Structure formats: structure tokens, C-alpha cells
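This report refers to the structure that appears directly beneath it.
Each value in this text was obtained by applying a stated rule to the coordinates, not by laboratory testing. Keep in mind the model is a prediction, meaning the values are calculated, not measured. Cβ placement follows ideal geometry from the backbone for every residue including glycine, while neighbour counts extend to all protein chains displayed.
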Amino acid sequence: MHRPCVTLGVTPQMKKISSIRNTHNLALAIALGMATPLVHADDIDFSGFLSVGGGMVDDENSLPYGGYDEEDFTLDDNLLGIQLSGNVAEKLTATVQLTARSENDYEVDAEWAYLSWQATESSKVRAGRLRTPFYMYSDFLDVGYAYAWITPPREVYYLPFNNVNGVDFYTTATLGIFDTSFQAYFGGFDDELDLNGDDIMESASTRNQMGIAGTIGKDWWTLRAAYHQADLSVDVTGIAVPVFGTLGGFADALTNLGFADNANKLLVDDDSVTFAEVGLNIDTGRFVAAAEYVEFDPEDALLSKNKRGYVMGGVRFGDWLIHLTGSQSRDEASHPEAGIPVSPQTAPLIGALQAVAASQVVERDVVTLGTRWDVTTGTAIKFQIDDVDDENQGDQQVYSVALQTVF
Amino acid sequence: MKTFIMKRYICALAATLTLGMASATWAEVAVIVHPSTGFDSLSEDDVSRLFLGKSKSFPGGAQAVPVNQNEGSATREKFNEAVCKKNASQYKAYWSQLVFTGKGTPPKDAGDDAAVKALIAANPTMIGYVDSSAVDATVKVVYKIP
């Protein structure tokens, strides 16, 4: 007579277990369909993220910011990412993360594609295309659901290279009561970027790029530091400048005048550059805070020395998070004119070089007020106002909204 | 006949009580492992580190595989709030920081109290949590959330 009671208790679980299997099989089927080389993998993890967003600016005659330049609301900051991960052999995992962005006409890109070897229980070696660990939020930059803002502060998260083709080593350890992690990588990357916002893409590359990143934390806080160096080349010769036509023409003219060193400083050709970061992240459950400071040193390249940082604080009220962020760019111009003897004849030349260097400087303050509303587990809706105060380009306000999910 | 009705009544009462306890926030949650494991208790920190992927082994060095209850389960909510100090959304956000970087995989969702208990009873490497009313001799309780 006890049996009916027991049976009633068991049946729902059986159903749950079989529905888990079904989901798993579906994921497997999708994964297999998309990645045929992984046919022999017996367990493929499928996960993904989605961000649908839009925004508008307050004054379309002032500077564009955050990808927005119209006073009319546009819903075109969209991103879909899927990740497939499966074991190809014991301790060997293949992972690919494919993203499609509205800004690239939804062209599918592999942002991550690597083989990972679990060297020990706490360390792994990865080879392939990896995310460069420049920043605290680099690893999950595209996964808006993972952080408070719609995108991390743009003043600091400005580097065009997000990925690197190479190898890395990642390890975690417990030191006393602290949790630590350490990552080191080596590689290079080729990309195209728009250096001066004129919609003309300059081809760029890094070689001998290497870096280290470490974190230490406990429960509600994490400290991070990173250092990177690379031989950077950016083809800036096509950038338009007054009198000489292009930067390439300007550099040739300088060489002809006997100022080859200065011509070299005008270009970004195999220049040894460095990038350093320190960051702090706090999450007590009720309060959140984050701060990062970065410095990019271009050495002998035309680019400016970038000094940028932000501080964020927020409070959670149930499913709502309200946060305020102050970010700052205080770049310093490079000195391509250094070494040219000052005379009435060289004054226009020096002036032109200083003007080119000054064009690479950003001096800007941005105050961001935002909310994150966790609608359900796995989905957040965010609103954000950015108040931009640019030393050279004027003021702007950007209003944006996004729905971000993980699945 | 009387005993039959009586037993049915007790059975229904038990079911009602169990349901009531599962949804009430004061229900005790027990963290359980296989009875053969070589330790009898874990600290809250030990359990939290296992379920947040910060540690992958039991005291003594044996491999530890944490398993969750399904999303939406009251036991899971209580466990995450009390041990991991995260509500459902914060827990999801925490793991999405690791999943999309290849730096970690969240504990698998293994079902409800009975399903988790059955898994733990059959796997010496696993650790899970159930409502303490579900605990029996097939598993060992190593930490309790009051």
C-alpha cells in the first residue's frame, strides 16, 4: 500500500532526467551539424549569448560616441554568439566561439578557436585564436550579461585588437586564503582598424606580442594587473594631412630633408609598444564597484601615450542594479618633431609634426549612469546615459538600451 | 481496510508536508557526499569554493564533481544564497564570466532532491545538496545550512 506514494514521487524525476537527455541530444545534434570535424566527440557543450541594443545621441552635430551619431533612436547594436566545446581526446578540448555582429553585417567571425590541453588539474595550455587578456573584462567582453554596463567603459576599452593568434598558459592556485590566477601568452595578430575615424581602414599587425596577467582575490574582491608588449605596425601612410597630401608623403619629405629619424617617428612601423593595466573588482552582493587604469606607451610611434581609467560604483535593489561610472582619457602627444633644430625655416615643419601628433590625443571625461534589471535568470535589460565632455570635440549625451541574455 | 485508508492518509499528509517544507525558506539544506568519502565535514568555504569552480578536489586531494539541482528549485536558491552568496541571476552572471572563456564549467543541473541523492549515492566523486528531509543512509551529510 506504500507503493502508490513512492511511484508518485519517482515519476516526475524520471521525466526531468529524460528531458535533460533530450536537450543534450538537441545540443549535440546542432553542434555536430555545425562542426563536422567533432563527429567523434562524445560530449559537446553548447552555450551562447545575445545582445540586442540601440541608442541615440542628444546632438548629432557634435561628436559621435559609442557607435551612435543620430538623434533618432536606432536599434542596431546587435550581437549573437555561440560557443561549442567538446573533448577531442583525454584532457584535450576544442572550443570555438562564433559571433555575428550587426556592425559587421552579421558576418560570422570566430573570435575564439582553440585547442586546450589540461596540463594539470589547475593549469591548461591553449593554442589557437584567443582573447587577449588586456582588461579585467576582456575574457567576456561580448557577454554583456556578465557585467553591469551595456559595454564596459569605452574610454578604457578602446584597443582595437581583442584577439591574438598564439599560445597561452593559464593556471589557478590558492595562496594562503587567497585565490590567484596567472596567464601568459605569446602570439600576433593582423587586423584592419580605423585609426582617425575617417572610415578608411588602415591595415595593422602585431608581431612578437606577449603578455602576462595575474589576479588575486578573496570572496568579494579581486585585484588584477597585466602587462603586454608587441611590435606594432599600422599603415598610416594614407592618412590625409595638409600641404603634404598624406602622412606617407610627409614622411618622404622629412627623409629628403635629412630628418629620417623624425620620418620614422611619424609612422607606426614595427614599433615596440607596451600596454599596462591595473584593476579592482568588488561585489558584496549589495554593493558592486570596479576600477581600472591603463597606460599605452607607443615609444617611437606616432600614436599618443594613452592614460585612461574609470571608477564605477553600484547598488543592488532586488533585481535592479543602479550604477554610476566616471571615466577619463588623458592622452599625451608624442613628439615626432624632437631633434629638429628650431629655426624660422623649420618652424612650419615642427608645427605640422606637432599638429599630426596632437590629432592622436584624446582628452575626455565621461560620466555614465546606468541600470541593469535582471528580468529572469539569464536575461537582463539595461539602460544607460553617457554624458561625454571632450576637450577638443565638444559635448555629447548618449542614451542607450540593451537586452542581453546567456543560454 | 482501515489500515489501507490510514496509510493513504499518512502518505498524503507526508506528501503535503514535504511539499510545504520544500517551498518554505526555513527548510534545512544538507550538503551530501558518498558515504565512502574519507572526511565527515566540510566548511562553508570548502563547499562554496567547489561550487564556484575555485577548487576541484576534496580535502585529501580526491577529485570532486559538484552537481546542482535544477534552476528554479527552492533548495538550489537557498544553497546559492547561503553558501555562494549569490542569487540566481548573480550566480548565472558569475558562471557566464567563466564559461565563455574556457576557464570553467558550471556544475551540471542534475534534477531535484531525489535525483541528486541518487547520483551522490552512486558516485564517490560527486557532491550535491538536498533538502535535509530527503537525506537517508545512502549519502553522508558533510555540511548543513540551517
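When A:A263 is tested against (1) surrounded by 15 or more Cβ atoms within 10 Å (Cβ to Cβ); (2) touching a residue at least 60 places away in the same chain (Cβ under 8 Å), exactly one condition is not met: (2).
Does region A:54-64 include one or more residues that are over 17 Å from A:D389 (Cα atoms), surrounded by 14 or more Cβ atoms within 10 Å (Cβ to Cβ) and not aromatic (F, W, Y)? Yes - at least one qualifying residue is present in region A:54-64. Restricted to region A:79-146, the set of strands (runs of 3 or more DSSP E) holding at least 3 residues that are crowded, with 18+ Cβ neighbours inside 10 Å and of a type in the set (S, T, N, Q) comprises A:92-101. Looking only at region A:222-242, decide whether some residue is in a strand (DSSP E or B), within 14 Å of chain B (Cβ to nearest Cβ) and under 30 Å from A:F169 (Cα atoms). The answer is yes; a qualifying residue exists. Within region A:372-395, being at negative phi, more than 14 Å from chain B (Cβ to nearest Cβ) and either assigned to a strand (DSSP E or B) or crowded, with 20+ Cβ neighbours inside 10 Å (or both) holds for A:F383, A:Q384, A:I385, A:D386, A:D387, A:V388, A:D389, A:D390, A:D395. Scanning region A:147-185 for residues that are under 18 Å from A:L280 (Cβ atoms) and away from every other protein chain (no Cβ under 13 Å) yields a count of 4. Taken as a whole, region A:53-64 holds no residue that is under 17 Å from the mean Cα position of the chain (by Cα), within 20 Å of A:D194 (Cβ to Cβ) and not in a loop (DSSP other than H, G, I, E, B).
Scanning region A:333-355 for residues that are surrounded by 15 or more Cβ atoms within 10 Å (Cβ to Cβ), of a type outside the set (V, I, T) and free of Cβ contacts under 8 Å to residues at least 40 places away in the same chain yields A:A333, A:Q354. Taking A:T325 as the residue in question, decide whether it is surrounded by fewer than 20 Cβ atoms within 10 Å (Cβ to Cβ) and part of a strand (DSSP E or B). So A:T325 does not fit the description; no.
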